[in-house]
Amino acid sequence: MRLEAKNVSFRYREHSPWILREISLSVEKGERVGLVGPSGYGKSTLLRLMGGYLKPASGEILLDGKPLPQKGVCPVQLIYQHPEKAINPRWKMKKVLEESGMFRREIMEALGIEEEWLSRYPRELSGGELQRFCVARSLFEGTQFLLADEMSTMLDVITQAQIWNLVLKEVEQRQLGLLMVTHNRALADRVCQRVVELSVETDGE
Ligand SMILES: Nc1ncnc2c1ncn2[C@@H]1O[C@H](COP(=O)(O)OP(=O)(O)OP(=O)(O)O)[C@@H](O)[C@H]1O
């Protein structure tokens, strides 16, 4: 199985500058790929496109040769840098997890999610605590690909290690595809089999 961006171009509004032009990138199931490049070159935008959160102006996002499914929980899961933007503020954490059908106890334990946090609203948790929920949710049983957008940047070193250990164990055991954006080249080199550099010139058109 393959997740593929094929000749994708994107800009946020008509007549605004192109962020991505004719970009192609693919990740195989079981493969770990890093995406690096200067700030503002469109790494996060490409991940949002590949996760189905944005639509390309031209080109295609394909999962196994077909468009991403529109219904149900998506097999391509995006983990953002800012967990507070990814979680419904009006739902308690238990409901957030229930929505994705994720309730594997060993995942909760490995991520250090405490039982008591389940009855809280997102605003009652710290950024690091919330990110653990985002990671747990992204690992529901139908997930085939994980798109990790600087997911550990805002966390302390111990939490970073805890989250990465769990994610990499799941990726290995379930042979998930992983596409990760990071500014930390050493992390990308350690985790990934392949690192792609995004270096597209935008021409301000
Ligand atoms: N919602 C948005 N509306 C308009 N422009 C946006 C939006 N999100 C991002 N941009 C612009 O698109 C460009 C690419 O942003 P993006 O976040 O994809 O880059 P990036 O390579 O991930 O950057 P960084 O490494 O700093 O996170 C930037 O110029 C940014 O200002």
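Tell me, what ³J(HN,Hα) does each residue in the stretch 124-134 have, in order and in whole Hz, if you take phi through Karplus 6.51 cos²θ - 1.76 cosθ + 1.60 with θ = phi - 60° and put x for Gly and Pro?
Running phi through 6.51 cos²θ - 1.76 cosθ + 1.60 with θ = phi - 60° gives 8, 10, 6, x, x, 5, 5, 4, 4, 5, 4 Hz.
Over what distance in Å are the Cα centres of the stretch 166-195 and the stretch 87-139 separated?
22 Å
With a Förster radius of 25 Å, plug the Cβ-Cβ distance of Glu141 and Glu114 into 1/(1 + (r/R0)^6) and report the FRET value to the nearest 0.05.
Values: r = 23 Å, r/R0 = 0.91.
Efficiency, from the Cβ-Cβ distance: 0.65.
Would you mind checking the pairs Lys55/Lys85; Lys6/Lys71; Lys66/Lys95; Lys43/Lys85; Lys43/Lys92 and listing those with alpha carbons more than 29 angstrom apart?
Lys66/Lys95; Lys43/Lys92
Can you list the HN-Hα couplings for the stretch 20-27, worked out from phi with the Karplus curve (6.51, -1.76, 1.60; θ = phi - 60°), rounded to whole Hz and with x for Gly and Pro?
Whole-Hz 3J(HN,Hα) from phi for the stretch 20-27: 10, 10, 6, 8, 10, 7, 9, 10.
Taking 0.36 nm per residue of separation and subtracting the Cα-Cα distance, what length does fully extending Trp91 through Val195 add?
The Trp91-Val195 span can extend by a further 33.7 nm.
Any chance you could look up the accessible area of Asp189 with a 1.4 Å probe, heavy atoms only, rounded to 10 Å²?
It works out to around 90 Å².
Sort Glu170, Glu129 from largest to smallest accessible area, using a 1.4 Å probe on the heavy atoms of the protein chains.
Result, largest first: Glu129, Glu170.
Order Phe145, Phe140 by their accessible area, 1.4 angstrom probe, all chains in place, largest first.
So, going from the largest accessible area down, we get Phe140, Phe145.
On the protein heavy atoms, probe 1.4 angstrom, tell me the percent of accessible surface of the stretch 38-124 carried by carbon and sulfur.
On the way: 2510 of 5030 Å².
Percent of accessible area from carbon and sulfur atoms in the stretch 38-124: 50.
Against the empirical 2.2 N^0.38 Å scaling, what ratio does the C-alpha Rg of the chain come to?
That ratio works out to 1.01.
Shape call for the stretch 132-199 from the C-alpha gyration tensor, a ≥ b ≥ c root eigenvalues: rounded (a/c under 1.5), prolate (a/b greater than b/c) or oblate?
oblate
Taking a 1.4 Å probe, which of Ser138, Ser24 shows the most accessible area, and what order do the others take after it?
So, going from the largest accessible area down, we get Ser24, Ser138.
Tell me the relative contact order for the stretch 57-192 as a rounded percent, counting alpha carbon contacts under 8 Å between residues six or more apart.
Result for the stretch 57-192 is 29 percent.
Towards the positive end of the charge dipole of the stretch 87-187, with charges on Cβ (+1 Lys, Arg; -1 Asp, Glu), say which of Met180, Ser100, Gln144 has the farthest Cα.
Ser100
Around Lys43, with a cut-off of 9 angstrom between Cβ atoms, what is the net charge of the other residues, counting Lys and Arg +1 and Asp and Glu -1?
-2
For the stretch 71-205, what is the accessible area per residue in Å², given a 1.4 Å probe and the full set of protein chains?
Normalised by residue count, the accessible surface of the stretch 71-205 is 52 Å².
To the nearest 20 debye, what charge dipole does the chain have about its Cα centre, counting +1 at the Cβ of each Lys and Arg and -1 at the Cβ of each Asp and Glu?
420 debye
Using θ = phi - 60° and the Karplus form 6.51 cos²θ - 1.76 cosθ + 1.60, what ³J(HN,Hα) does each residue of the stretch 46-55 get, whole Hz, x for Gly and Pro?
Along the stretch 46-55, the couplings run 5, 5, 5, 5, 6, x, x, 7, 10, 10 Hz.
Quick one: in the stretch 49-109, what % of C-alpha pairs are over 12 Å apart?
Working: 1398 of 1830 pairs.
Roughly 76 percent, rounded to a whole number.
Can you give the calculated 222 nm mean residue ellipticity of the chain, where each DSSP H run of n ≥ 4 adds -39,500 (n - 2.57) and the sum is split over every residue, rounded to the nearest 500 deg cm²/dmol?
Result for the chain: -8500 deg cm²/dmol, rounded to the nearest 500.
Could you pull the accessible area for Arg2 with a 1.4 Å probe, rounded to 10 Å²?
Arg2 exposes around 100 Å² with every protein chain in place.
The values are calculated or read from the model by the stated rules, or taken from the named source; none is laboratory data. In this text the structure is predicted, and so the values were computed from the model without any measurement. For neighbour counting, all protein chains shown are included, and Cβ atoms are generated from backbone atoms with ideal geometry for every residue, glycine included. Accessible surface areas use protein heavy atoms only, side chains included; no ligands, DNA or RNA. Shrake-Rupley method; radii C 1.70, N 1.55, O 1.52, S 1.80 Å.
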